[in-house]
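One structure is given here, and the rest of the page talks about it.
Read-outs: derived from the displayed coordinates by stated rules, not from any lab. As the structure is a prediction and not an experimental result, all values here were calculated from the model. Counting neighbours? That spans all protein chains shown, and the Cβs are built from the backbone with ideal geometry, glycine included.
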């Protein structure tokens, strides 16, 4: 179990979060266990029974350095780590987002003790990659367009902005340098692709920048989106906001569509484009060119992520092949 929060702290956090209810409930029983959905950081499922008999199902996430899984600790680039980032997103930004995101019951960012954690609603449902219905993916794309519309300007404090990752030109060029340094000399296909990208990086960045700029999730992959089909319409709940930042918003759509064939990709992209205002906002041609460039940048990041780490088999992609295909479309 994570040592970042004692049981008493969690009890107090839940009771403070519910103190506005009348009468204010008390925690009668609290149990916790490791979550099977852990990725980078430690996750626990927390079951709370209140003195009213009501149950609350929660998730505890330890964002401290010791909460990182050993494999992630060695693979995740150090310059990306900020334990306050996701706390900030849940506390100051997501309350303004479209409905669906998990309720934040409590958050701690205690630098003195090295404690950084979140206590969140445990949202029912399954990860989007387990959902075969194209209509569900299109609904997620429409949610994403609404989210980007809510945060199309930088209407947040300087302190909040300081924790967000800026996806500027320097950020993407850093991945190109890393990808080149990690590329095996005998991997002719990968080296040729990186060489082609290096010759066109200015054009790719300029085309990606035609996308609207604003707040992005940063890892809007299907494994980071929960779908609860019980309500109608289905609830869309993006999770894991550890890489939230600012930049071309189509980087999120590029992450969402990266595993699809051309037909599915176009259907999902069309749903986003229509929800974002269609041709009145950005012509379909310019939109697809910007999306292709953002897909190139997503592939580039993963090629430069780590020299040793690779994702689980279910989430692996041929990033070199994707980079080559999208370079042909990104003008």
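Once fully extended, how much extra length lies between residue 188 and residue 49, figured as 0.36 nm per residue of separation less the alpha-carbon to alpha-carbon distance? Each step should come with its number before you reach the end.
Numbers: separation 139, 0.36 × 139 = 50.04 nm, distance 5.87 nm.
Stretched fully, the residue 188-residue 49 segment lengthens by 44.2 nm.
Would you mind ranking 239, 49 so that the residue whose beta carbon has the fewest other beta carbons within 10 Å leads the list? Intermediate values should be presented prior to the final figure.
Numbers: 239 22, 49 14.
The fewest-first ordering by Cβ neighbours comes to 49, 239.
How far, in nm, would the chain grow between residue 284 and residue 129 when pulled straight, counting 0.36 nm per residue and subtracting the alpha carbon separation?
Result: 53.2 nm gained on full extension.
Select one label from [x] 34, 59, 7; [y] 30, 53, 16, 0; [z] 30, 57, 13, 0: the one whose number is P(r) over Cα pairs in 20 Å bins from 0, in percent as derived from the coordinates shown.
[z]
Is the shape of the stretch 1-145 best called rounded, prolate or oblate, per the rule: a/c under 1.5 gives rounded, else a/b larger than b/c gives prolate, else oblate, with a ≥ b ≥ c the square roots of the Cα gyration tensor eigenvalues? Intermediate results must be reported in sequence, preceding the final value.
Values: a/c = 1.62, a/b = 1.12, b/c = 1.45.
Judged from the Cα gyration tensor, the stretch 1-145 comes out oblate (a/c at least 1.5, b/c at or above a/b).
Find how many whole Å separate the alpha carbon centroid of the stretch 187-225 from the alpha carbon centroid of the stretch 85-128.
28
Can you work out the FRET efficiency for the pair residue 328 and residue 97, with r the C-beta to C-beta distance and R0 = 35 Å, to the nearest 0.05?
0.50
How high is the relative contact order of the stretch 126-329, given as a whole-number percent (alpha carbon pairs under 8 Å, six or more residues apart)?
Reported relative contact order: 30 percent.
Stretch residue 169-residue 181 to full length: gain in nm at 0.36 nm per residue minus the Cα-Cα span?
2.5 nm
So if we plug the beta-carbon distance of residue 318 and residue 78 into 1/(1 + (r/R0)^6) with R0 = 35 Å, what FRET efficiency do we get, rounded to 0.05?
0.80
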